[in-house]
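The values are calculated or read from the model by the stated rules, or taken from the named source; none is laboratory data. Treat the numbers as computed from the prediction; the structure is a model and nothing was measured. All Cβ positions, glycine included, derive from the backbone under ideal geometry; neighbour counts span all protein chains shown.
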Amino acid sequence: MLRLRERELVERERRMIERRIKAARFPATKSLDNFDLKAIRSLNTALTMELARCKFIDRRESVIALESSGTDKTYVSLGLGLAACQKGLQVRFTAASALVLRTCRGHRRTPPAAPAKIPRNPGSADHR
C-alpha cells in the first residue's frame with residue numbers, strides 16, 4: 001500500500017511539472033543536463049549552474065542574457081526555465097523580440113496626453 005501511495009505521489013508531481021512546462025509556453029523543451037555548457041567559451045558555467053538552482057527568484061532578482069547572435073542564449077534560457085518548472089515555480093517564456101513588440105503596442109494603445117490649454121491673454125493680438 002505504501003509503494004502504491006508513493007508511486008501516486010511521484011506521478012502527481014510529474015503531471016504538475018508537465019502542466020507548468022506547458023503553461024510556460026516554451027518554443028522547445030531543453031534541459032541544461034543535455035547541453036555542453038563548456039562548449040560556449042563566453043558562458044560562465046558556474047554562474048549558469050547557480051542560476052539553475054533558482055535562488056535568484058527567491059531574492060527577486062532579474063537575469064538578462066546579453067551576447068551576440070548564435071551564442072545559445074535561448075537554449076540556456078529554456079534550460080533555466082525548465083529547471084524552475086521542475087522546482088515547482090511558474091514560468092512564462094518570452095523572447096526579447098516579442099517583449100519589445102508587446103511593449104511598443106502597449107504604448108500605441110495609450111491615448112496621447114491632451115495638450116495643455118494655455119489661457120489667452122485678453123490684451124494680446126491673438127484674442128481679438
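Scanning for something touching a residue at least 24 places away in the same chain (Cβ under 8 Å), outside any loop (DSSP other than H, G, I, E, B) and not hydroxyl-bearing (Ser, Thr, Tyr), does the stretch 3-11 turn up at least one residue?
Scanning the stretch 3-11 turns up no residue that is touching a residue at least 24 places away in the same chain (Cβ under 8 Å), outside any loop (DSSP other than H, G, I, E, B) and not hydroxyl-bearing (Ser, Thr, Tyr).
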| message | With the structure loaded, tell me whether Thr48 is of a type outside the set (Phe, Trp, Tyr), farther than 19 Å from Arg20 by Cβ, in contact with a Leu (Cβ under 9 Å, 6 or more places away or on another chain) and not in a helix (DSSP H, G or I) or whether it fails that test. | response | no
| field | Subset of the stretch 78-97 [modelled with pLDDT under 90 and of a type in the set (S, T, N, Q)] | value | Thr94, Ser97
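Residue by residue through the stretch 61-88, note down the ones that are assigned to a loop (DSSP other than H, G, I, E, B), out of contact with any helix residue (DSSP H, G or I) (no Cβ under 7 Å at 6 or more places or on another chain) and among the hydrophobic types (A, V, I, L, M, F, W, C).
Ile64, Leu66
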